[in-house]
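Visitor: One structure coming up, written as structure tokens, with questions to follow.
Read-outs throughout are calculated quantities, based only on the coordinates presented, and are distinct from any laboratory measurement. Everything numeric in this text was worked out from a predicted model, so none of it was measured. Every residue, glycine among them, receives a Cβ derived from its backbone with ideal geometry; neighbour counts consider all protein chains shown.
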């Protein structure tokens, strides 16, 4: 589960690394997913979630993580955003990686 200090820092434009528990057969391992936060929904209530987008091997991948999911081991904030113009950054889907860096000021 995510601690309150990290929860405040998860906001659109932030670059995060999510450590997620993955069960494969009878073994369990930690999988990392690093990307930019596009949206944060429903504040701190039970159904709250955040969307992370990354490009892996030239293919864009988005994952929606419930904040209170027991599958999330921890979230590392790698880069905090400068002032972002919107609450939801869905327009980044149509931009290239270079344009995204210029717009958000992230990695």
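Visitor: Can you confirm whether residue 11 is in contact (Cβ under 8 Å) with a residue 40 or more places away in the chain and under 23 Å from residue 101 (Cβ atoms)?
Guide: It is true that residue 11 is in contact (Cβ under 8 Å) with a residue 40 or more places away in the chain and under 23 Å from residue 101 (Cβ atoms).
Visitor: One residue is enough: does segment 82-98 have a residue meeting the conditions assigned to a strand (DSSP E or B) and either within 15 Å of the chain's Cα centre (by Cα) or surrounded by 14 or more Cβ atoms within 10 Å (Cβ to Cβ) (or both)?
Guide: Looking for residues that are assigned to a strand (DSSP E or B) and either within 15 Å of the chain's Cα centre (by Cα) or surrounded by 14 or more Cβ atoms within 10 Å (Cβ to Cβ) (or both), one finds none in segment 82-98, hence no.
Visitor: Right, another one. Looking only at segment 23-60, filter to residues that are part of a strand (DSSP E or B) and free of Cβ contacts under 8 Å to residues at least 12 places away in the same chain; which one of those is farthest from residue 86 (Cα to Cα)?
Guide: Across segment 23-60, the extreme among qualifying residues is 27.
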